[in-house]
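One structure below.
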Amino acid sequence: MCHSLTLVEGLTDRELLARLGCDPASTRRPADSDEVQDARQEAWEHYDEHGLETAVVQAGVANGWAWAFEPESVLVFGSERLAPASRGTRLIHCCHNGNALGYVALWEDGRLITTFEHGVPEARHDEDGEDPDRLLEPMRRVGFLDPDNHQLPQHTSLALLHAPTGVTLDSDQIDAGLLATLSAARG
């Protein structure tokens, strides 16, 4: 299943949703997990050959980091959303497209520091970013560069987000977070 998770230091959940481009009028605290599931289902009812028209984003704060979880889509992925979300702070993000492709990115104050495809982290020097090795030590700790690590890359990506932030989320925290919609950018 595709998803994205964005963690930004020192923001509120509402600030993060606004910086990512979520519709402020749609931002609310869901009454229960059924409301969350209904919002996800409604977004999928508007899926066409171009993908989702809108996505559901859930947000909260944990350990001093605002988090935004985008289940079932990856509209947040991209510099047009991540750069503004990182202004004045730092942001770490991972996404997975539901197949084999996924990325990890670290941004600071609107600048991409490092990014890599989670299946080939050793190729991070071929990607954009000011300092491809900035996450090298946490990457080693969580097993990214260990040839004996047989964990799925998307799980190692989540472990990497936890390493510098201490943030661990469970489904109850996610369902209790704010709920908002994010429109897809159409060209």
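The values are calculated or read from the model by the stated rules, or taken from the named source; none is laboratory data. Note that the structure is predicted; figures quoted are calculated from it, not measured. Reconstructed Cβ throughout: ideal geometry from the backbone, glycine too, with neighbour counts over all protein chains shown.
Restricting region 25-34 to residues that are free of Cβ contacts under 8 Å to residues at least 12 places away in the same chain and in a helix (DSSP H, G or I) leaves a set whose member that is surrounded by the fewest Cβ atoms within 10 Å (Cβ to Cβ) is Ala25. Phe77 falls short on exactly one of the conditions (1) assigned to a loop (DSSP other than H, G, I, E, B); (2) more than 24 Å from Gln58 (Cβ to Cβ); (3) in contact with a Ser or Thr (Cβ under 7 Å, 6 or more places away or on another chain); (4) of a type outside the set (Asp, Glu), and that condition is (2). Scanning region 69-96 for residues that are touching a His at 6+ places or on another chain (Cβ under 9 Å) and within 24 Å of Asp175 (Cβ to Cβ) turns up Phe69, Glu70, Pro71, Glu72, Ser73, Val74, Val76, Phe77, Ala85, Cys94, Cys95, His96.
Residue count for region 137-160 satisfying the condition of being farther than 12 Å from Val104 by Cα and assigned to a loop (DSSP other than H, G, I, E, B): 9.
Yes/no per residue for (1) part of a strand (DSSP E or B); (2) of a type in the set (Asp, Glu):
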| residue | (1), (2) |
| --- | --- |
| Thr6 | yes, no |
| Leu17 | no, no |
| Val36 | no, no |
| Ala66 | yes, no |
| Glu70 | yes, yes |
| Arg87 | no, no |
| Leu91 | yes, no |
| Cys95 | yes, no |
| Ala105 | yes, no |
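Taking region 107-136 as the range and being outside any loop (DSSP other than H, G, I, E, B) and crowded, with 16+ Cβ neighbours inside 10 Å as the test, the residues that pass are Trp107, Glu108, Leu112, Ile113, Thr114, Thr115, Phe116, Glu117, Pro121, Arg124.
When Phe144 is tested against (1) without any contact (Cβ under 8 Å) to a residue 60 or more places away in the chain; (2) under 16 Å from the mean Cα position of the chain (by Cα), only condition (2) is not met.
Okay, residues lined up against (1) of a type in the set (Phe, Trp, Tyr); (2) touching a Lys or Arg at 6+ places or on another chain (Cβ under 6 Å); (3) touching a residue at least 60 places away in the same chain (Cβ under 8 Å); (4) closer than 20 Å to Val167 by Cα:
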{"position": "Val61", "(1), (2), (3), (4)": "no, no, no, yes"}
{"position": "His93", "(1), (2), (3), (4)": "no, no, yes, yes"}
{"position": "Phe116", "(1), (2), (3), (4)": "yes, yes, no, no"}
{"position": "Pro138", "(1), (2), (3), (4)": "no, no, no, yes"}
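For region 85-105, the criterion of being in contact with a strand residue (DSSP E or B) (Cβ under 7 Å, 6 or more places away or on another chain), among the aromatic types (Phe, Trp, Tyr) and either at pLDDT 95 or above or crowded, with 23+ Cβ neighbours inside 10 Å (or both) is met by no residue.
Taking the conditions exactly as written (touching a residue at least 60 places away in the same chain (Cβ under 8 Å) and either touching a helix residue (DSSP H, G or I) at 6+ places or on another chain (Cβ under 8 Å) or buried (at least 22 other Cβ atoms within 10 Å of the Cβ) (or both)), does Asp175 satisfy them or not? Talk me through it step by step, then tell me what you get.
Working: touching a residue at least 60 places away in the same chain (Cβ under 8 Å): yes; either touching a helix residue (DSSP H, G or I) at 6+ places or on another chain (Cβ under 8 Å) or buried (at least 22 other Cβ atoms within 10 Å of the Cβ) (or both): yes.
Yes; evaluated as a whole, the condition is true for this residue.
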